[in-house]
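**Q** One structure, pasted below without further comment.
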Amino acid sequence: MSRTLQLNRQFREIQRNIDTLPVVTRRELSALVAKEFALAAESPHLYLAVPEQPGSDTAGKGSEIGFSRVKSDNRHVKLRGIALWLTVTFFETKDSASGATQTLHRQLMRTLRVLKESMPAVKASDRWMAGEQNDRAVA
């Protein structure tokens, strides 16, 4: 229960930071979050809330590391911290049986959706052009 309270408090601060970002910076954050989720898919053991192995130092500390970076004066470090915190906390709260933790997870999903929607829509012609450029690079 205390972990959920801590994550809720941190989420409110993260959300305040996101709300103050200009659209261009939100798009940058959205790209960073997508990158963190891709990394989590490749190495899920690094994004677990609880270490699988008792001697592991890296697992379980992602949200604390991310949250400490959110307080940075450096814009890029702050954005990377927000992206890390959102990703780690998403996986930590994903399969929780606790009602309060499920509520937090839904709030996280809402925030992630808003970030994703901040990205400009890609037209079919733009995708085609990107594919054509990639084909030329290969040839």
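The values are calculated or read from the model by the stated rules, or taken from the named source; none is laboratory data. Every value quoted in this text rests on a predicted model; they were computed, and no experiment measured them. No Cβ is skipped: glycine too gets one built from the backbone with ideal geometry, and neighbour counts run over all protein chains shown. Surface areas here come from the heavy atoms of the whole protein model, side chains and all, with no ligands, DNA or RNA. Shrake-Rupley method; radii C 1.70, N 1.55, O 1.52, S 1.80 Å.
**Q** Determine the shape class of the stretch 1-44: with a ≥ b ≥ c the square roots of the Cα gyration tensor eigenvalues, call it rounded for a/c under 1.5, and otherwise prolate if a/b is greater than b/c, oblate otherwise. Each step should come with its number before you reach the end.
**A** Working: a/c = 5.97, a/b = 1.12, b/c = 5.35.
Here the stretch 1-44 falls in the oblate category.
**Q** Then there's this: Estimate the FRET efficiency between residue 38 and residue 13 by the formula 1/(1 + (r/R0)^6), using the beta-carbon distance for r and 25 Å for R0, to the nearest 0.05. Spell out each step's value before the answer.
**A** On the way: r = 25 Å, r/R0 = 1.01.
Efficiency for this residue pair is about 0.50.
**Q** Round to a whole number: what % of the accessible area of the stretch 61-120 belongs to carbon and sulfur, probe 1.4 Å? Before the final figure, lay out each step's value.
**A** Numbers: 1670 of 3180 Å².
For the stretch 61-120, the apolar C and S fraction of the accessible surface comes to 52 percent.
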